[in-house]
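Presented below is the structure to which this report refers.
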Amino acid sequence: MLQRLRRQIPGTVVIMWCIGIAILGIVFWGTVATLRSGKYASAQWVDLFVYGIAQGGIYALIALGYTMVYGVLRMINFAHSEVFMSGPYIGYYVALALDQAGLLNRYPVLGLGIVILVAMTVSTTIAVLLERIAYRPLRRAPRLVPLITAIGASYFLSYAFLGLFGSDLKGYPEIQALKGTWNILGVEVLRPQIVVIVAALVMLAGLYLFVRHTKTGKAMQAVAEDKDCAALMGINVDRIIVITFAIGGALAGAAGVFYALLFKQVKFNMGFFPGIKAFTSAVLGGIGNVTGAMVGGMFLGIAESLFPNLVLDGLGIPAPYQLKDALAFTLLVLVLIFRPTGILGERLAAKKA
Amino acid sequence: MNKKSLVLVSMVLLITLLAAACKPKAKFECTDPKGCVDIAPGEPVRIGYMFVISGSDAPLGNDTKYGLEIAVDDKKEILGHPIEVVGEDCMCSAEGGQTASTKLAADPKLVAVVGTNCSSAARAAIPVMCGAGISMISPSNTAPDLTAEDRPAEYWCYLRTAHNDKVQGAAMAEFAWQKGFRKAATIHDGSLYADKLQQVFAEKFKELGGTITAQEAVGPEDTDMKPVLTRIAATQPDFIYYPIFIAAGAQITKQAREVPGLENVQLAGADGVFSPDFLEGAGDAVLGFYWSSPDFTAFGAGYKEFLQKYETKYGVKVLAPFHAHSYDAAMMIFAAIEKVAVKDPDGTLHIGRKALSDALFATKDFKGLTGNLTCSPTGDCADPKIAVYQCMNADPATWNPGADPDSNPKKVWP
Amino acid sequence: MPAIHSETRFDWSQPVKTGLLGGVAALLLSLIGVIEASHARPVISGIISLGQALLLIVFVLTCVAAIRRAGYARQETSSRGRLLLCGGVAGLMVSVALAALVLIGNVVNLRAVFIKASPELYHLLTLGLDTGGVLALLMSGFLLGIVVGATYLLPARLRRAIAMALGAIPLLAVLYGAFFPGRRFTLPGALALFVVLSAGSYWGGDIRSLVKQRVASLPPAGQRVYKIALWALVALLVLLLPTTGSYPSQMLDLVGLYILMGLGLNIVVGFAGLLDLGYVAFFAIGAYTQAVLTSPEIRWLGEVRLTFWEALPFSVLMATLAGVILGIPVLRMRGDYLAIVTLGFGEIIRIVALSDWLKPYIGGSNGITRIPKPVIGGWELATPGRLYYLIIAGCLLAAVIAARLKHSRLGRAWMAIREDEDVAQAMGIDLVRTKLLAFATGAAFSGLSGAIFAAMITSIYPHSFHLLVSINTLGLIIVGGMGSIPGVILGSLALVGLPEILREFSEYRLLIYGVALVYMMLVRPEGLLPEARRKLELHEAEAAE
């Protein structure tokens, strides 16, 4: 029996590596072909790169919510995409009121601060309520049960918002101060993108310090490691879990407002695709790992923006941006073939996942 | 046991008696090859609809539904019978179309159907409806194949009051050419509607002598359009045509102005984004945008009155451009019923299904809101007057097309 | 916890709190628009609408919850007054929440934010009396609460019977209206139904146990005959179902296709414990293979034009192959990694099917149309009623295969992997082979389902293969009971059939779906018809706590 096992496992590994190498070869071929054709100026490649970073910053902020919850509870909080949607949605009405009062354009920093604060509060509240109502009673249930609850909660939230506020498109008011571009190191970058990238970096750094250096942060790590043991050490596990959900919610709320700054529109189902992408980023980076979420998010953002043009164009595939989601997922599979635990692989994955 | 069987027997007897009592007296002989609908005195004439009432395309469906309901309000009754509307949500998918049509076709008293909104739903619904012999008029299917010369024989009961994609796409190409644009790019979103329109546009534009620099595609829920626009910018077009829907359309409009190389390119879309929501989503970047859409100024005299009824009844401004087509579809059906229905002395109506369909196909110079409708042998009834509008003001509150010559958006062609 | 209240004072906080929670629920229902939308649908013609019935149900449930929480439900006669007061206060609180909405709505234009806060809604909430009706609303809330409290003075069995009958009437009214368009309950009819239903549920238990006793007292041979007769009756009913009309058949066809998929996914998730969120991919591959091989629209294959039956094996084969191809790279992944990769796989298939790249081969956004329907000996399965038998046959085949596999050596290996992969491997189970077989079998069922789907709709579009299909399928096996074959059938009926019947509420369909999933998981995580072993496990966990 064992011998057969030994004979077969290398077989599949070989197949996997072959698939992986084949895909890499195609990627390489496409890239070279595109670059040799010289259709695009280097400034355009830089632009694509910057767009990718801005998009990636938002993915990273949402991914943090997934990865933190996953870290402590080992569950995919599918409803996190609706937590992300709820903040900017309510924030829209605040922004509208501020805009009508003229505050948003006279004091853009203050106005935007208020909107972000409201959005973070709403998202945090929803995240905490979710934990209390839908997840806490199921903490000891088999893994699939909370997953299904999360899917149910996700549907409920997005369609409740649809019912309450309607299906029409809502556009954030425009802030004059954020129009146009700033020159960064010789590259003209859109102002909202700079705001988003800077804010994302600041928040990620803050979170990193919080988790590493505060007492609550250390307690979080302890709960992630072993809930029962942490409880024995005098940590209030329920409280830590609530805090985790709250932080994830707050970050998602802020990410939502940044998203609205970039893309203007809020809609009841706006969380769905960013949510899936963010989760993909979390897995790409190594789920359960704060830095990993950031790396994964950036990587995915850049890949989506750059790769269709870089790789698929050279292969002669028409309308490559139609395939960008497919490309993102192919990338995920590729990364997981070579590194089954993500880029910054989490050592727990093999044992507990 | 005895009691039970007694109850059963008496029930059966009762039902037979009732059925016998309800049977119409054999005065009228139905000779129609597809059967007849008999409507007893006082019974309503039942008209069905299949629209997309839920999901993100709901505004389109509701718009057509409102148009139909106003037509029923205006008509009030047919030959002394009230009109009843029954409807199904067919969503925007083939399976939705098939299920909705199966449910409607199961109603033996259903006279005709207005629907569907999406061409994919129509392709699944038409065979079911025609199988049941029920005439079907769509107010918003625009796919060319539905009324093409070589359409399948099982489409015999299908007509439409919406303009064919061939007309709208070509109109925009002609306009762009006349305005002096020579290099155009197109974007579609993977929907049947957008894909067909951009194809027609591209073919016509090339035929006129222009160049198509790029034909790209995005997803309907995509938000970051800057990468794909950068790609288009590399081909240096002076005109971008994206006949898609509001959410993605607004993103492209907004972001095109932010991509180097596209600051001054002319943007244009079709009636899928002809809505104040589009202004809300795109912001100031929408100024100068071109739409192709039905020519509201060429619409019949009743159109202004219709708009008023719409606003008072539903508390909203028009949601999409197909309400009038739906109104006309319903009115065509009513007129055809009045033409073919046989009325008994006691008030019972008999409507032959094939006769009704023939009457619909024979519609000629029908004065509708959208113009004078004449149906082709393959069911194209529209009087396609396509106009191009330009956005003069980015504030959604100013949205009032066709109210007067200068209202926003302004008609600029023909 | 039932406390003794005879000495203590009336505890206000409990009914007020519960009442306000109920009030929030009622507010949410009103503002989402459920109440007003269902107001158009009568439960009893001219007497009460579904919207009103829903509000009533919220009131009643709130009062019941308040009474139970405060511990009055099991009280003896000593605290009648407090019982009634508790119900009344809870009812009043619900009214207070709604009254607040009406009052605020009359001063501020709430409609700018909450689009469903319309004058019609206020009119409905104030019992048609407008602002003056706020008092009437408060009064009726209070009185309703007292009435609910009063039912607790009745014998428990009678109370339950009445509650059952009252709850069932709106449901039956909706079903009746859905199956027979244009018809509705009249007052005498509803009263008669109420009497029958409450009598049925009052004596129902007795009758059931009597039958059981009788059967148990039969000799073994007699029992077998009884069982066979019962099954024969069920089979006959199932076979006769299409005679109810083409619309019910169409619905059952859809349910059947989901049963087929559910049976397949049940093997992957339920038996082997591999969480697959991209199951729709195999459905799509089955459908597209069928379409490409049979539709006259596809020209690139030359003159190859297969019939439904000739193409069917290829469809299943292609899906199976895809199952293996997906299986290989994910062999080493576990749990959530697997979930996201499979989800990605599903999306890849849909996006690629939609792309301009493959448009010349599989139609892109235009889809593939004119797919022929199956023909058996010159008899075309053109109507939903005829297709139903094909689908039933498919389901039966799949169910038999699944049931046989479950108790085979392979089935036990799957379950061992589900419980603990490392231990299973240590016991000598070949992980690679076992997992790939699970993926392949599951994919084959899904491919079969997809092939029939293509022939049934006759035109397919990439939009039909949305992630929602995967989630629905997963939802139905979980609601039905993971790993249980009858559960899949019940789950499909509940999650595919019911929403189909409630089409007119399609705007709220997914909302209700979401609530149902959460509620189900909280109250009955093992599903409606759980597999015996799983039920045992869950209860073991409960017992351990």
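The values are calculated or read from the model by the stated rules, or taken from the named source; none is laboratory data. Owing to the predicted nature of the structure, the values given are computational and were not obtained by experimental measurement. Here the Cβ is made from the backbone with ideal geometry for all residues, glycine too, and neighbour counts use every protein chain on show. Ligands, DNA and RNA are excluded from the accessible area calculation, which covers all protein heavy atoms including side chains. Shrake-Rupley method; radii C 1.70, N 1.55, O 1.52, S 1.80 Å.
Couple of notes before you dig in:
- Where helices (runs of 4 or more DSSP H) fall entirely within segment C:329-416, those with at least 1 residues that are within 14 Å of another protein chain (Cβ to nearest Cβ) and farther than 25 Å from C:Ile259 by Cα are at C:335-354, C:359-362.
- If only residues of segment A:316-341 that are among the polar types (S, T, N, Q) and under 23 Å from A:Cys18 (Cβ atoms) are counted, the one that is nearest to the other protein chains (Cβ to nearest Cβ) is A:Thr330.
- The strands (runs of 3 or more DSSP E) found entirely in segment B:335-414 that carry 1 or more residues being under 30 Å from B:Ala250 (Cβ atoms), among the basic types (Lys, Arg) and open to solvent by 40 Å² or more (accessible area, probe 1.4 Å) are B:410-413.
- Residues in segment C:131-185 that are outside any helix (DSSP H, G or I) and surrounded by 13 or more Cβ atoms within 10 Å (Cβ to Cβ): 4 in all.
- Residues being facing another protein chain (nearest Cβ under 8 Å), hydroxyl-bearing (Ser, Thr, Tyr) and more than 11 Å from the chain's Cα centre (by Cα) - total across segment A:260-298: 0
- Residue list for segment A:27-54, restricted to those being away from chain B (no Cβ under 14 Å) and more than 19 Å from A:Ile302 (Cα to Cα): A:Trp29, A:Ala33, A:Arg36
- Restricting attention to segment A:250-300, the residues that are under 13 Å from A:Gly342 (Cβ atoms) and either free of Cβ contacts under 8 Å to residues at least 12 places away in the same chain or in contact with a Leu (Cβ under 7 Å, 6 or more places away or on another chain) (or both) total 17.
- Any hit, segment A:299-315, residues being open to solvent by 20 Å² or more (accessible area, probe 1.4 Å), part of a helix (DSSP H, G or I) and either more than 14 Å from chain B (Cβ to nearest Cβ) or polar (S, T, N, Q) (or both): yes
- Residues that are open to solvent by 10 Å² or more (accessible area, probe 1.4 Å), more than 22 Å from C:Gly245 (Cα to Cα) and either assigned to a strand (DSSP E or B) or touching a helix residue (DSSP H, G or I) at 6+ places or on another chain (Cβ under 8 Å) (or both), drawn from segment B:75-122: B:Lys75, B:Glu77, B:Leu79, B:Pro82, B:Ile83, B:Glu84, B:Met91, B:Cys92, B:Ser93, B:Cys118, B:Ser119, B:Ser120
- B:Pro220 more than 10 Å from chain A (Cβ to nearest Cβ), outside any strand (DSSP E or B) and not basic (Lys, Arg): yes
- Screening segment A:1-114 for helices (runs of 4 or more DSSP H) wholly inside it with 3 or more residues that are within 19 Å of the chain's Cα centre (by Cα) and modelled with pLDDT of 85 or more returns the ranges A:42-73, A:80-100.
- Among the residues of segment C:125-136, those identified as within 34 Å of the chain's Cα centre (by Cα) and touching a residue at least 24 places away in the same chain (Cβ under 8 Å) are C:Leu125, C:Thr126.
Yes/no matrix, rows are residues, columns are (1) aromatic (Phe, Trp, Tyr); (2) within 12 Å of chain B (Cβ to nearest Cβ); (3) open to solvent by less than 20 Å² (accessible area, probe 1.4 Å); (4) more than 29 Å from C:Met415 (Cα to Cα):
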{"position": "C:Leu431", "(1), (2), (3), (4)": "no, no, no, no"}
{"position": "C:Thr434", "(1), (2), (3), (4)": "no, no, yes, no"}
{"position": "C:Leu437", "(1), (2), (3), (4)": "no, no, no, no"}
{"position": "C:Ala443", "(1), (2), (3), (4)": "no, no, yes, no"}
{"position": "C:Ser449", "(1), (2), (3), (4)": "no, no, yes, no"}
{"position": "C:Ser459", "(1), (2), (3), (4)": "no, yes, yes, yes"}
{"position": "C:His463", "(1), (2), (3), (4)": "no, yes, no, yes"}
{"position": "C:Ser470", "(1), (2), (3), (4)": "no, no, yes, no"}
{"position": "C:Ile478", "(1), (2), (3), (4)": "no, no, yes, no"}
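- Members of segment C:480-505 found to be over 12 Å from the mean Cα position of the chain (by Cα) and open to solvent by 20 Å² or more (accessible area, probe 1.4 Å), listed by number: C:Ile485, C:Pro486, C:Glu504, C:Phe505
- Any chance C:Val108 is within 14 Å of chain A (Cβ to nearest Cβ) and on the phi < 0 side of the Ramachandran plot: yes
- When B:Leu319, B:Leu349 are screened for being of a type in the set (A, V, I, L, M) and over 21 Å from the mean Cα position of the chain (by Cα), only B:Leu349 passes.
- For the residues C:Leu218, C:Leu263, C:Leu241, the requirement of being among the hydrophobic types (A, V, I, L, M, F, W, C) and under 30 Å from C:Ile169 (Cα atoms) singles out C:Leu241.
- Tally of residues being under 22 Å from B:Ala94 (Cβ atoms) and either assigned to a helix (DSSP H, G or I) or modelled with pLDDT of 95 or more (or both) across segment C:287-313: 11
- Within segment B:149-161, considering residues that are modelled with pLDDT of 90 or more and part of a loop (DSSP other than H, G, I, E, B), the one surrounded by the fewest Cβ atoms within 10 Å (Cβ to Cβ): B:Trp156
- B:Ile240 meets the stated requirement of being within 27 Å of B:Arg182 (Cβ to Cβ), buried (at least 23 other Cβ atoms within 10 Å of the Cβ) and touching a helix residue (DSSP H, G or I) at 6+ places or on another chain (Cβ under 7 Å).
- Residues of segment B:185-231 that are in contact with a Phe, Trp or Tyr (Cβ under 6 Å, 6 or more places away or on another chain), hydroxyl-bearing (Ser, Thr, Tyr) and either over 21 Å from B:Gly261 (Cβ atoms) or without any contact (Cβ under 8 Å) to a residue 40 or more places away in the chain (or both): B:Thr223 alone.
- In segment C:9-45, the residue that is farthest from C:Leu175 (Cα to Cα) out of those that are within 14 Å of another protein chain (Cβ to nearest Cβ) and part of a loop (DSSP other than H, G, I, E, B) is C:Gly33.
- Extreme residue, surrounded by the fewest Cβ atoms within 10 Å (Cβ to Cβ), among residues of segment B:37-74 that are hydroxyl-bearing (Ser, Thr, Tyr) and away from every other protein chain (no Cβ under 13 Å): B:Tyr66
- Residue that is modelled with the highest pLDDT, among those in segment A:202-225 that are open to solvent by 90 Å² or more (accessible area, probe 1.4 Å) and within 18 Å of A:Ala63 (Cβ to Cβ): A:Val202
Condition check ((1) open to solvent by 20 Å² or more (accessible area, probe 1.4 Å); (2) farther than 30 Å from A:Leu96 by Cβ; (3) within 21 Å of the chain's Cα centre (by Cα); (4) free of Cβ contacts under 8 Å to residues at least 40 places away in the same chain) across all residues:
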residue: A:Val128; (1), (2), (3), (4): yes, no, yes, no
residue: A:Ile148; (1), (2), (3), (4): no, yes, yes, yes
residue: A:Tyr159; (1), (2), (3), (4): yes, no, no, no
residue: A:Gln176; (1), (2), (3), (4): yes, no, no, no
residue: A:Met233; (1), (2), (3), (4): yes, yes, no, yes
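- Just one of (1) surrounded by fewer than 24 Cβ atoms within 10 Å (Cβ to Cβ); (2) within 30 Å of A:Val32 (Cβ to Cβ) fails for A:Arg239. It is (2).
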